[in-house]
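The values are calculated or read from the model by the stated rules, or taken from the named source; none is laboratory data. None of these values were measured; they are calculated from a predicted model. Here the Cβ positions follow ideal geometry from the backbone for every residue, glycine too, while neighbour counts run over all protein chains shown.
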C-alpha cells in the first residue's frame, strides 16, 4: 500500500493544528500582510494571535516558504480517511449503481466522484445498522447521493482550471475538443493524476472528505434515532413498515451538515428535525 506524503498535505491544515519543529529567523511579514488582507485593525493583532495560541514569530515561521518541517499537533482524521481512499483506490462507475435517486449524468466531471463513492460505500457498510426496520440499500443510496453532490460542488471550479491548464500546455491528446475532454476524464480516473491533484489541491480534498463524513454521520445518527423511537413513531403518526427513503436538504444545514429530512416508510412519512423540539411543543400549548 502506497501512502500519501503527509508533508505535502500540510497546507490544508489550520494554523492551530501546526507545530514548528524548530524556530527560524525570518523577516517575513506574513502577519501584517494577512491582517491587512482580512482588514483586521492593528490593535486586534494580539487577540488574533492568541486565538491561535501563536506568537508573531511562530506565525511568520509557520507561513514562511522555507520553513523547516512542520508537525501536526493532533491526529488528522481527514488525512486518515484520504489515506484509506487512496489505499483502496477504485475509479470505475459501479458505485453509481447503488444510487436510486438523481444522478447528474450530464455533469462533465461525474467520473471524478467515483473514488469518493467507493470509499464512502466501504465506510457505510461497516457502520450501517442491520435491522428489518430499515431498508439498508435506501440508506446507502441517500448517503452516496449526498457524497456525489458534495464532490461535484466542491471540485467543479478546480477541475475546470485543470482541464484548461492541461489544454493550454498541450497535455491532452486528441484532435478535437471532445477527444481532449475524453482524455481528461481518463486521466481523472488514473491513480497517478488523482494523487497529483491531492498534492496540488489538498484543501479541496479535505473539504470533500470532511463534508462527506459529516453527512454520513448525520444520516446514520438520524437512522439510529428513528430505530430507537420506531414504535412511538408508528403509534403517534400512523406510519407502517420499514424506513425506505430519506429526502435531504429540506432546509438550511447547521452543526455538521444537519438539515431537515423527510423520512419515508412503506406507508406514510415523517419530518425529522435534527434538534430538540420541546420548545416548539410548549409554544404550541400556549393559549392566546
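Of the set (1) part of a helix (DSSP H, G or I); (2) surrounded by 16 or more Cβ atoms within 10 Å (Cβ to Cβ), all apply to residue 243 but (1).
Matching residues to (1) surrounded by 15 or more Cβ atoms within 10 Å (Cβ to Cβ); (2) within 19 Å of residue 198 (Cβ to Cβ); (3) without any contact (Cβ under 8 Å) to a residue 40 or more places away in the chain; (4) touching a strand residue (DSSP E or B) at 6+ places or on another chain (Cβ under 6 Å):
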site: 82; (1), (2), (3), (4): yes, yes, no, no
site: 103; (1), (2), (3), (4): yes, no, no, no
site: 107; (1), (2), (3), (4): no, no, no, no
site: 115; (1), (2), (3), (4): yes, yes, no, no
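May I ask you to verify whether residue 124 is at pLDDT below 95, surrounded by 12 or more Cβ atoms within 10 Å (Cβ to Cβ) and within 14 Å of the chain's Cα centre (by Cα)? Judged against the criteria, residue 124 is not a match.
Within the stretch 74-89, can one find any residue that is more than 26 Å from residue 17 (Cβ to Cβ), in contact with a helix residue (DSSP H, G or I) (Cβ under 6 Å, 6 or more places away or on another chain), at pLDDT 95 or above and assigned to a helix (DSSP H, G or I)? Checking the stretch 74-89: not a single residue is more than 26 Å from residue 17 (Cβ to Cβ), in contact with a helix residue (DSSP H, G or I) (Cβ under 6 Å, 6 or more places away or on another chain), at pLDDT 95 or above and assigned to a helix (DSSP H, G or I). Here is the figure for the stretch 246-258: residues that are at pLDDT 85 or above and surrounded by fewer than 18 Cβ atoms within 10 Å (Cβ to Cβ) total 1.
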